[in-house]
Amino acid sequence: MNLKDTIRTIPDFPKKGIMFRDVTTLMTNRHAFAESIIQMCKPYQKMIIDNVVGIEARGFVFGAAAAYELGAGFVPVRKKGKLPFDTYEQDYDLEYGTDTLELHADAVRAQEKILLVDDLIATGGTAEAAIKVLRRAGANIIGAAFVIDLPELGGRKRIEAMGVAVTTLVEFEGH
Ligand code: AMP
């Protein structure tokens, strides 16, 4: 099973120059989806993970399946304004402007062991914001797992520099 071949690439989406790596074609392939979850969880199988934290929205799909596989709970990190209870917030820079991620203030207890999950790491700005908001809650972040790495954008190094181990399944060149 070559997971990379199941991911569709859409050139110039959502804007010119971006090669959009579309994981919906991996998700709809039952063999590829199962394989991606097995591979994603493998480095963490022998560890205790209390909660998997998924980043909205594709991180929910892989994160929830990984939580089930690891016997962990699931916690969502969402874009501002979606979570109904008290939250911790973290702003992060986009190419144009800023955005904000939120975590329910009572979702993660101090020292809880967390695996962060998203579909793709590019610059690492989104994952960095998620790590910051989790650390504010006192989380012990065991690792950050992604299906896709775009190594030229440097996200892995940025997250490793924060002291968080990064695992990824496939790499694509470019943006
Ligand atoms: P970044 O914060 O730069 O690491 O970007 C990661 C977030 O943006 C993830 O939630 C991805 O789903 C999305 N993303 C960034 N670049 C791409 C791309 N080329 N194809 C698909 N999704 C992307």
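Can you give the % of DSSP beta bridges in the chain that are antiparallel, to the nearest 5? Approximately 35 percent, going by the DSSP bridge assignments. Accessible surface for the chain, divided over its residues, is 51 Å² per residue with a 1.4 Å probe.
The distance separating the Cα centre of the stretch 112-175 from that of the stretch 1-40 comes to 18 Å.
Of Gln111, His175, Met162, which is farthest on the positive side of the dipole of the chain, counting Cα position, with +1 on Lys and Arg Cβ, -1 on Asp and Glu Cβ, and the Cα centre as origin? Result: Gln111, furthest along the dipole toward the positive end. Sites count as exposed loop sites when they are chymotrypsin sites (Phe, Trp or Tyr not before Pro), lie in a DSSP loop, and have at most 14 other Cβ atoms within 10 angstrom; the longest stretch of the chain without one is 1-84. Going by the alpha-carbon gyration tensor, a ≥ b ≥ c the square roots of its eigenvalues, is the stretch 68-160 rounded (a/c under 1.5) or, if a/c is not under 1.5, prolate (a/b greater than b/c) versus oblate? It comes out oblate by the Cα gyration axes.
Determine the share of the stretch 43-171's accessible area contributed by carbon and sulfur atoms, expressed in whole percent, with a 1.4 angstrom probe. The computed percentage sits at 48. Relative to the current alpha-carbon distance between Phe20 and Ala161, full extension at 0.36 nm per residue lengthens the span by 48.1 nm. Pairs from the list Lys15/Lys157; Lys42/Lys82; Lys79/Lys132 with a Cα-Cα gap above 20 Å: Lys15/Lys157; Lys42/Lys82.
For the stretch 1-86, the antiparallel share of DSSP beta bridges with both residues in that region comes to about 45%. Overall, the anisotropy analysis places the stretch 19-89 in the oblate class: the square-rooted eigenvalues a ≥ b ≥ c of its C-alpha gyration tensor yield a/c not less than 1.5, with a/b not exceeding b/c.
If we count every other residue with Cβ under 13 angstrom of Arg156's Cβ, Lys/Arg +1 and Asp/Glu -1, where does the sum land?
-4
Is the shape of the chain rounded, prolate or oblate, going by the alpha carbon gyration tensor and its root eigenvalues a ≥ b ≥ c, with a/c under 1.5 for rounded and a/b larger than b/c for prolate? Note, shape of the chain comes out oblate.
The values are calculated or read from the model by the stated rules, or taken from the named source; none is laboratory data. The structure displayed is predicted, hence computed values, not measured ones. Positions of Cβ are backbone-derived with ideal geometry, glycine not excepted, and every protein chain shown enters the neighbour counts. For the accessible areas, the whole protein counts, side chains as well, though only heavy atoms, and no ligand, DNA or RNA atoms are used. Shrake-Rupley method; radii C 1.70, N 1.55, O 1.52, S 1.80 Å.
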